[in-house]
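*Asks:* Structure in structure tokens, see below.
The values are calculated or read from the model by the stated rules, or taken from the named source; none is laboratory data. Note that the structure is a prediction, hence the values are computed from the model and not measured. Glycine gets a Cβ as well: all are built from the backbone with ideal geometry, and neighbour counts include every protein chain shown. With ligands, DNA and RNA removed, areas are computed over all heavy atoms of the protein, side chains included. Shrake-Rupley method; radii C 1.70, N 1.55, O 1.52, S 1.80 Å.
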Amino acid sequence: MLSTIHLKACSRALYRGKRSIDLARNLSTTSKLMMSSPNNGPGDDGSGYRLEKDTMGEVKVPAARLYGAQTQRSRNNFKIEDANWGGEQMPLAVIKAFAILKKACAQVNKDQGNMEAKLVNAISTACDDILHQRNINLREEFPLVIWQTGSGTQSNMNCNEVIANRAIEILGGKRGDRELVHPNDHVNKGQSSNDTFPTAMHIATAIETHSRLIVSLEALHQSLKIKEEKFKNIIKIGRTHCQDAVPLTLGQEFSGYAQQIEFGLERIKAALEPRMYYLAIGGTAVGTGLNTRPGWDKKVSDAINRLTNLPFRAAPNKFEALASHDAFIELSGALNVVAASLMKIANDIRLLASGPRCGLGEISLPELEPGSSIMPGKVNPTQCEAMTMVCAQVMGNHVAVTIGGCNGHFELNVFKPMIVANVLRSITLLSDAARSFTNNCVEGIVANEARIQKLLNESLMLVTALNPHIGYDNAAKIAKAAHKENLTLKESAIKSGVLTEKQFDEWVRPENMLGPK
């Protein structure tokens, strides 16, 4: 049950407007934590809290939590969030990247004789707990939002505090015993938020790009290539300016889509290598490397390589690595191009499938769900619609990343959390949308050959094949007359007297109009 103090506090909160409503919500959350955790737990004085310290003094922290004073201060100061690890919470990929980084730093500190093995082993185990999501509730222990200090200092300290207190537990101590494991002096040794956060940004982004985005786009590319081969002999009418044009095959049309994705993959990989693999670690506060030893940056980068199997290396210029994030603008730009490609592909596919009877109807899409609450039997191209919405969001994210990248003032860019959150969000959206689009749309596309043939035969632009034989002006007259008098192209051509029926049949052959002759 809630204590009398909490009940009174919640009652008073009802009369203090929105800010007090937030207070009541926080009190309720804290009470739930107290109820779900036994009293007199690690550092618990019986109230459900423990006292943690930082350079500004003591802070009450829920006893059930591993995080410490600086995390709690950030929670109190930045209530720009939604609940349950929504879009405003620091991305999980960044938290895991920090765990990789902190483990690498601890190992190098041991190798350089700066930290005893027992302490390093405890820190490394705590980092592994984060990476494998064991013994630690990541959602609860890393509650900070993107909208905090622009350097990401509070998220760096959130990680330091959680790792320190978990390491303390591993060593048999009580949470908050900074003499045993200190979040700054031990977990953050040789580091600054100004070089660790951008390092975590790069690690998280490279891992997510490799493990999710590239995999999804490669699958989409392969699916489009399969359709290209399957449709290679289906001749259809082409369209330019949304008007009838000369023929091509449906396979050729899909080959253009496949090539767009192939180029997109090349752009993404080019943006990764080498600039996304350059790590800021070793720059510490302003890029000089204060409080590190020579070779620290390379040793930590090598350790990260071993942990991730990705080719990270020390940034050649730490001042650039801290003060700018051009690599993120570059990668976000590549994602923006991929979004533009996917927007075009998805729109083409839904237009080609329009109908089914009163549109183009040249292809059919998988029927996934009812399309209308009032029109029975209607089925909509929902995968195309979801994809185009994702693309619009990615384009918006790129604008935000571009603005953030411009705001590196002197020795530090102070839009870091927003930049990495938007790039990671774009990666996630494109990855998931591409996978869904591949599995639920592209793989099930079927060509409606009868409809394709009908539209091909009705097209007036087959007249283009006559240009070399009767000239552009005569061909144009035949096409315009056919349209005006509602004749077939053949009927109009014979009526013109410019050519014979035999010549028309010999020269106007769609299968001979698919490439150079």
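*Asks:* What do you reckon, is R175 open to solvent by 10 Å² or more (accessible area, probe 1.4 Å) and over 28 Å from the mean Cα position of the chain (by Cα)? Outline the logic, then answer.
*Replies:* On the way: open to solvent by 10 Å² or more (accessible area, probe 1.4 Å): yes; over 28 Å from the mean Cα position of the chain (by Cα): yes.
When the stated conditions are applied, R175 passes them.
*Asks:* Could you grab the pairs with beta carbons closer than 8 Å, sequence gap of 6+ or different chains, first residue in the stretch 497-510 and touching a residue at least 24 places away in the same chain (Cβ under 8 Å), second one assigned to a loop (DSSP other than H, G, I, E, B) and of a type outside the set (G, A, S)?
*Replies:* W507/L499
*Asks:* So which residues in the stretch 139-156 are part of a helix (DSSP H, G or I) and open to solvent by 10 Å² or more (accessible area, probe 1.4 Å), if there are any at all?
*Replies:* Within the stretch 139-156, R139, E140, T153, Q154 meet the criteria.
*Asks:* If N397 satisfies every condition in (1) under 24 Å from A447 (Cβ atoms); (2) surrounded by 19 or more Cβ atoms within 10 Å (Cβ to Cβ); (3) among the polar types (S, T, N, Q) but one, which is the exception?
*Replies:* All conditions pass for N397, except number (1).
*Asks:* Within the stretch 504-513, can one find any residue that is assigned to a helix (DSSP H, G or I), modelled with pLDDT of 95 or more and open to solvent by less than 10 Å² (accessible area, probe 1.4 Å)?
*Replies:* No, every residue in the stretch 504-513 fails to be assigned to a helix (DSSP H, G or I), modelled with pLDDT of 95 or more and open to solvent by less than 10 Å² (accessible area, probe 1.4 Å).
*Asks:* When you scan the stretch 413-434, do you find a residue that is open to solvent by 70 Å² or more (accessible area, probe 1.4 Å), in contact (Cβ under 8 Å) with a residue 24 or more places away in the chain and of a type in the set (K, R), even just one?
*Replies:* Yes, the stretch 413-434 contains at least one residue that is open to solvent by 70 Å² or more (accessible area, probe 1.4 Å), in contact (Cβ under 8 Å) with a residue 24 or more places away in the chain and of a type in the set (K, R).
*Asks:* Can I ask one more? Report yes if some residue within the stretch 487-496 is under 54 Å from the mean Cα position of the chain (by Cα), assigned to a helix (DSSP H, G or I), surrounded by 13 or more Cβ atoms within 10 Å (Cβ to Cβ) and of a type in the set (K, R); otherwise report no.
*Replies:* Scanning the stretch 487-496, I find at least one residue that is under 54 Å from the mean Cα position of the chain (by Cα), assigned to a helix (DSSP H, G or I), surrounded by 13 or more Cβ atoms within 10 Å (Cβ to Cβ) and of a type in the set (K, R), so the answer is yes.
*Asks:* Among the residues of the stretch 205-225, is there at least one that is touching a residue at least 40 places away in the same chain (Cβ under 8 Å), part of a loop (DSSP other than H, G, I, E, B) and either among the hydroxyl-bearing types (S, T, Y) or buried (at least 18 other Cβ atoms within 10 Å of the Cβ) (or both)? Don't jump to the end; show me each part of the working.
*Replies:* Quick first cut of the stretch 205-225, residues touching a residue at least 40 places away in the same chain (Cβ under 8 Å) only: 205-210, 212-221, 223-224.
Right, trim to part of a loop (DSSP other than H, G, I, E, B) and you get none.
No, that holds for no residue.
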